[in-house]
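This report refers to the structure that appears directly beneath it.
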Amino acid sequence: MRGILKLLVILCLITFGAVALEQLCYRFSEFYASWRANWVWKEDDHDGIAIPVLRLLPLSQWAKPPAVKAIISPELLAKRESWYAEQILSYTRPLRDELYEDFRDGDDLHDFEVREVGGVKDMALPRLTKFATAEDVENGDAKRVGETLNMVNAILLHVLPPKRKMAEGELSSIRRQLEGQFVSLLERGVGCGIIYVANEVELISAVEKLRLEEATLSAHLFSWASGESAHHLAKAVSKRPELWATAVFDSPDAESFLEVSPPSECPKTLCLMPIIEGERQGKLATKMIEWARAGRQNASPFTARMGGLYHFYSPEIGYSHAELAFGYAYLIDCLKHIGHSEGEDSQASLPIGSEHATVDEFSDYFTKTKSDSTQSGFEGLKGLSSGHMLVSKSEDDLVFPEKPVSFDCQVLRDYRVESDDAELENMEDKDLILMLGRWFENNGKLEEIGKHDEVFMLYYKSLRELESSP
């Protein structure tokens, strides 16, 4: 009997330890938390064999938004919607911790190029580039094959009032705050810009110009606005919802925001609201929840869960870094699902959230001898790595030096970690990309690798075409 009790105690301790370890990983490991949430939802969407067991577990992934026809007070509805947002995005806690620290410490844009893009003067671009192909030239995106083109996974436009309406020193203060916020997105391949508008007409006009002049860069557009600017963004989205992929309404002005209703085809929407006093709080919360629910009206599993969220917070300590982190984590999560059709289960297709190729998938190549042909044919590329200084058009523009063109991608990083050949490790990135790409292509693995690392595939095809061009 004592032996049985001892065995039961041991089993209980093992179970408790395993559960505690799993919860710690979910709370502090961004990779594991994201993987677990995606796996649970994938099993649920496809009615997997593990669903009967998973349904018995108190996972936050099973959270459901309040029923549309629920007859409850505005205050209780707001609490339930906010609770739902916290539960459904619980797996972003590790990411939010990282963002919180970044926002609190602050940063600047000196590592990124800042210039005018499609009429938006204050646009910071990530360190993502490619060489123009014949298709880019045909589409008018480049003048010649081999020209260096900027790439982005998406663009975030932060909407502000016209400069003339800001008090002295207010604009510089806001810019310093935004710089610290932008860096986290820039490192994930998102271009970040500031746009100044007095109404929705100016905003729509500016976005249309950006989409027309920079169709490739602005294919996926996020916008963030607060105060009166949130009203302008809401009206612009209501009139032209197809221009935006995601909109964030942060602490909108209650009186003006109540006038605008969401469109029938609403883009993904996040509503952030501080707890305020008075009758306006209930009305504003109801309107913002209306926007959130409109964003969830879609057949896509991801959109039905997170296409529209509402979250309120306490404004006691001023502009909360924690709430900022909540909003930016939502944008980063939306970024991971760009490019998927509505009926597909969403997995990251862009470098920020993709499942990269593992070393095992091409480890058999590491012992091969490198090709001497990769040492020639690149004389025309020497000038592409030299940086240059940007010239300021006005004292209000943010201007910093541009970094040399980078060919960094996950495949190269994995390869350099695995390889013990000093000569290969010192090879230039562009030569190594061509060498690996040719081997993958000759062995029928190029498309498979490209699915895991789209940046590597893009670099290889551009360099291959550039090398073969006269």
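The values are calculated or read from the model by the stated rules, or taken from the named source; none is laboratory data. These numbers were taken from a predicted model, which means no experiment stands behind them. All Cβ positions, even for glycine, are placed from backbone atoms using ideal geometry, and neighbour counts span all protein chains on display. Just so you know, the surface numbers come from the protein's heavy atoms only, side chains and all, with ligands and any DNA or RNA stripped out. Shrake-Rupley method; radii C 1.70, N 1.55, O 1.52, S 1.80 Å.
If you go through segment 47-91 one residue at a time, how many are of a type outside the set (S, T, N, Q), assigned to a helix (DSSP H, G or I) and under 17 Å from residue 35 (Cα atoms)?
5
Answer with yes or no whether residue 176 is of a type outside the set (Gly, Ala, Ser), modelled with pLDDT under 95 and open to solvent by 50 Å² or more (accessible area, probe 1.4 Å).
Judged against the criteria, residue 176 is a match.
Quick one: in segment 45-71, which of the residues that are of a type outside the set (S, T, N, Q) and in contact (Cβ under 8 Å) with a residue 24 or more places away in the chain is farthest from residue 286 (Cα to Cα)?
By that ranking, first place goes to 46.
Going by what's in this entry, would residue 224 be described as touching a residue at least 12 places away in the same chain (Cβ under 8 Å), farther than 28 Å from residue 44 by Cβ, open to solvent by less than 10 Å² (accessible area, probe 1.4 Å) and not in a loop (DSSP other than H, G, I, E, B)?
Spelling it out, residue 224 is indeed touching a residue at least 12 places away in the same chain (Cβ under 8 Å), farther than 28 Å from residue 44 by Cβ, open to solvent by less than 10 Å² (accessible area, probe 1.4 Å) and not in a loop (DSSP other than H, G, I, E, B).
Can you pull out the residues in segment 197-218 that are buried (at least 19 other Cβ atoms within 10 Å of the Cβ) and over 23 Å from the mean Cα position of the chain (by Cα)?
197, 200
Report yes if some residue within segment 16-25 is touching a residue at least 12 places away in the same chain (Cβ under 8 Å) and within 22 Å of residue 333 (Cα to Cα); otherwise report no.
No, the conditions are met nowhere in segment 16-25.
Identify all residues within segment 287-324 that are under 19 Å from the mean Cα position of the chain (by Cα), at pLDDT below 85 and under 18 Å from residue 227 (Cα atoms); write none if there are none.
Hit for segment 287-324 is 321, nothing else.
Just name the residue that is nearest to residue 185 (Cα to Cα) out of those in segment 82-103 that are crowded, with 18+ Cβ neighbours inside 10 Å and of a type in the set (Ser, Thr, Tyr).
100
Residue under question is residue 284, and the condition is that it be part of a helix (DSSP H, G or I) and modelled with pLDDT under 95; does it hold?
Here the answer is yes, as residue 284 does meet what is asked.
For segment 158-173, give me the residue count where each residue is surrounded by 15 or more Cβ atoms within 10 Å (Cβ to Cβ) and closer than 19 Å to residue 116 by Cβ.
So the count comes out to 4.
Would you point out the residue of segment 104-117, among those that are buried (at least 20 other Cβ atoms within 10 Å of the Cβ) and assigned to a loop (DSSP other than H, G, I, E, B), that is modelled with the highest pLDDT?
That would be 112.
Go through 20, 37 for me and flag whichever is within 40 Å of the chain's Cα centre (by Cα), surrounded by 11 or more Cβ atoms within 10 Å (Cβ to Cβ) and within 26 Å of residue 100 (Cα to Cα).
The conditions single out 37.
Would you confirm whether any residue within segment 203-223 is touching a Leu at 6+ places or on another chain (Cβ under 6 Å) and among the small types (Gly, Ala, Ser)?
Yes: one or more hits.
Show the residue pairs that are 6+ apart or on different chains and have beta-carbon atoms under 6 Å apart, the first residue being within segment 121-136 and of a type outside the set (A, V, I, L, M, F, W, C) and at pLDDT 80 or above, the second being open to solvent by less than 30 Å² (accessible area, probe 1.4 Å) and part of a strand (DSSP E or B).
122/193; 122/194; 130/149
Looking at segment 290-297, can you tell me whether even one residue there is crowded, with 18+ Cβ neighbours inside 10 Å, farther than 16 Å from residue 81 by Cβ and not β-branched (Val, Ile, Thr)?
no
Within segment 55-67, identify whether any single residue is open to solvent by less than 50 Å² (accessible area, probe 1.4 Å), touching a helix residue (DSSP H, G or I) at 6+ places or on another chain (Cβ under 9 Å) and of a type in the set (Ser, Thr, Tyr), and answer yes or no.
Looking for residues that are open to solvent by less than 50 Å² (accessible area, probe 1.4 Å), touching a helix residue (DSSP H, G or I) at 6+ places or on another chain (Cβ under 9 Å) and of a type in the set (Ser, Thr, Tyr), one finds at least one in segment 55-67, hence yes.
Filter segment 123-157 for residues that are assigned to a strand (DSSP E or B) and open to solvent by less than 10 Å² (accessible area, probe 1.4 Å); which is nearest to residue 228 (Cα to Cα)?
157
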